[in-house]
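The values are calculated or read from the model by the stated rules, or taken from the named source; none is laboratory data. Quick caveat, the model's predicted, so the values are computed rather than measured. So basically every Cβ, Gly included, is an ideal-geometry build from the backbone, and we count neighbours across all protein chains shown.
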Amino acid sequence: MRTAPAEGLSRRAGFLLVQLGTHRHRRFAERLAPLDLHPRHFGMLSHIAAAEGLSQQALSIALGIHRSAVVALVDDLERRGLAERRRDPRDRRAYTLYLTPDGRELLAELRGAADEDEAELLSALDAAERSQLITLLQRVAESQGLTPGVHPNLRAGPGGDHPARDAG
């Protein structure tokens, strides 16, 4: 016997958020697959662009991301010619992170793809509803202690995916 959606999981905010999040993650990953990229690449490129010149360790701490996840992602971006490590002139043991020109160009493309993806997701809502939804979701995320712009699976500690396995 089938349960009517109004009586089941479709009335639970947690289920709907996971359902939509999983669906959009898959769709965005499909958009990036022809470029041999994953959404985590977009995330790390975005974070490096927003904080160029920070050390890997400082970025890891600021974002609450396990340092091995940062290292693995930066290694991959560096191999692809999208990011670079430079010796920190103040501390020769540390490296600072920068996007390459190719990295900046790709990030602009990826932001466009993310905009298209979000427009598709929110196509049932008008501009005011979209803004209201985002504001409400930000408030809920903040109340849960989530770091803005950081996927919880990259965070250090229990419950996250293994950073080295999932970084490439």
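Quick one: would you say A58 is under 18 Å from G149 (Cα atoms) and in contact with a helix residue (DSSP H, G or I) (Cβ under 7 Å, 6 or more places away or on another chain)? Spelling it out, it is not the case that A58 is under 18 Å from G149 (Cα atoms) and in contact with a helix residue (DSSP H, G or I) (Cβ under 7 Å, 6 or more places away or on another chain). Is the stretch 80-94 home to any residue that is touching a Gly at 6+ places or on another chain (Cβ under 9 Å), in a helix (DSSP H, G or I), at pLDDT 95 or above and of a type in the set (D, E)? The answer is no, given that none of the residues of the stretch 80-94 is touching a Gly at 6+ places or on another chain (Cβ under 9 Å), in a helix (DSSP H, G or I), at pLDDT 95 or above and of a type in the set (D, E).
Scanning the stretch 73-87 for residues that are touching a Ser or Thr at 6+ places or on another chain (Cβ under 8 Å) and buried (at least 18 other Cβ atoms within 10 Å of the Cβ) yields L82, A83. If only residues of the stretch 5-61 that are surrounded by fewer than 19 Cβ atoms within 10 Å (Cβ to Cβ) and among the β-branched types (V, I, T) are counted, the one that is nearest to R79 (Cα to Cα) is I61. Pairs are defined by a Cβ separation below 7 Å, a sequence spacing of at least 6 or placement on different chains, a first member in the stretch 124-144 that is free of Cβ contacts under 8 Å to residues at least 60 places away in the same chain, and a second member that is part of a helix (DSSP H, G or I) and surrounded by 11 or more Cβ atoms within 10 Å (Cβ to Cβ); the pairs so defined are L125/L133. Residue check: is F15 more than 28 Å from A108 (Cβ to Cβ) and at pLDDT 90 or above? Yes, satisfied. The single condition among (1) under 22 Å from A141 (Cβ atoms); (2) surrounded by 16 or more Cβ atoms within 10 Å (Cβ to Cβ); (3) more than 17 Å from the chain's Cα centre (by Cα); (4) not hydroxyl-bearing (S, T, Y) that V70 does not meet is (3). Among the residues of the stretch 125-161, those that are at pLDDT below 50 and loosely packed, with under 12 Cβ neighbours inside 10 Å comprise G157, P158, G159. Within the bounds of the stretch 115-124, is there any residue that is surrounded by fewer than 16 Cβ atoms within 10 Å (Cβ to Cβ), in a helix (DSSP H, G or I) and either in contact with a Pro (Cβ under 8 Å, 6 or more places away or on another chain) or among the basic types (K, R) (or both)? Within the stretch 115-124, none of the residues are surrounded by fewer than 16 Cβ atoms within 10 Å (Cβ to Cβ), in a helix (DSSP H, G or I) and either in contact with a Pro (Cβ under 8 Å, 6 or more places away or on another chain) or among the basic types (K, R) (or both).
If only residues of the stretch 72-111 that are touching a residue at least 60 places away in the same chain (Cβ under 8 Å) and among the aliphatic types (A, V, I, L, M) are counted, the one that is nearest to T147 (Cα to Cα) is L73. None of R2, R40 is under 26 Å from A108 (Cα atoms), at pLDDT below 90 and of a type in the set (K, R) except R40.
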